[in-house]
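**Student:** Input: one structure, supplied below.
Where a number appears in this text, it was derived from the coordinates with a stated rule and is not lab data. Keep in mind it's a predicted model, so treat the numbers as computed, not measured. Ideal geometry is used to build each Cβ from the backbone, glycine not excepted, and the neighbour counts take in all protein chains shown.
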Amino acid sequence: MFNILQQERPDVVETLTKPIWYFSRRLETGEGQREWTVQPVIYVEPVGEGKQGRVYCKWDPYFVKSLESRWKAGEVPEPTPEMKEAMQVLEETCQRVALHMVLEVGDIQFLSNSQVLHARTAYKDYAPSTGKPRRHLMRLWLATPSSEGGWTLPFHDTAEKKRGGIQVNDNRPHCPLDAE
């Protein structure tokens, strides 16, 4: 997607790499934190010190569009026409080059949100009492600090041993085996 955009729409890549994008934290905030972050959609890791200039991408249109009430309240700026066009071109490009996968019962899929933009299609789930297969989705956040070869990213915790994921205040991590 990045290479295609570089060839077809370098202007869109320029817009996506500017740190002007407001992303909702979807109420996953700790004390003193804002309800949003500001960062680029696409970030190219600086080259040097063993770094190769890897491309990192954080994109979920919901995280941008869900700030509409904040735009109306004047708390964060609304995306500009240039940003709206970049969002549309990014979405269209992703749809055009998408790979569709069908996962069967027992399949496991590992992917990196930083390099693989992905979506889920509708699925049918069954109540536990039916004895039919239930969908089980577990997310695992793995992150290596930049000092140990991990990506150097535009986040405050890029060099910390424990980074990434969502930590709200001192709440202990919680991983239910079934939907709550």
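**Student:** Please compute the volume of the convex hull spanned by the alpha-carbon atoms of segment 2-148 and report it per residue in Å³.
**Tutor:** 186 Å³
**Student:** Could I ask something else about it? Taking R0 as 45 Å, what FRET efficiency do you get between residue 129 and residue 65 from their Cβ-Cβ distance, rounded to the nearest 0.05?
**Tutor:** Once rounded, the FRET efficiency stands at 0.75.
**Student:** Could you line up 31, 68 from fewest to most neighbouring Cβ atoms inside 10 Å?
**Tutor:** With the fewest neighbours first, 31, 68 line up as 31, 68.
**Student:** What ranking do 38-47, 119-128, 3-12 get when scored by the average of other Cβ atoms within 10 Å per residue, highest first?
**Tutor:** Most protected by this proxy first, the peptides run 38-47, 3-12, 119-128.
**Student:** What share of Cα pairs, in percent, lie more than 17 angstrom apart in segment 90-152?
**Tutor:** More than 17 Å apart: 60 percent of the Cα pairs in segment 90-152.
**Student:** Between residue 103 and residue 147, what length in nm is gained on full extension when 0.36 nm per residue of separation is reduced by their alpha carbon distance?
**Tutor:** Answer, rounded to one decimal: 12.3 nm.
**Student:** Also, I was wondering about something else. Distance from the Cα centre of segment 107-133 to that of segment 1-61, in angstrom?
**Tutor:** That distance is 25 Å.
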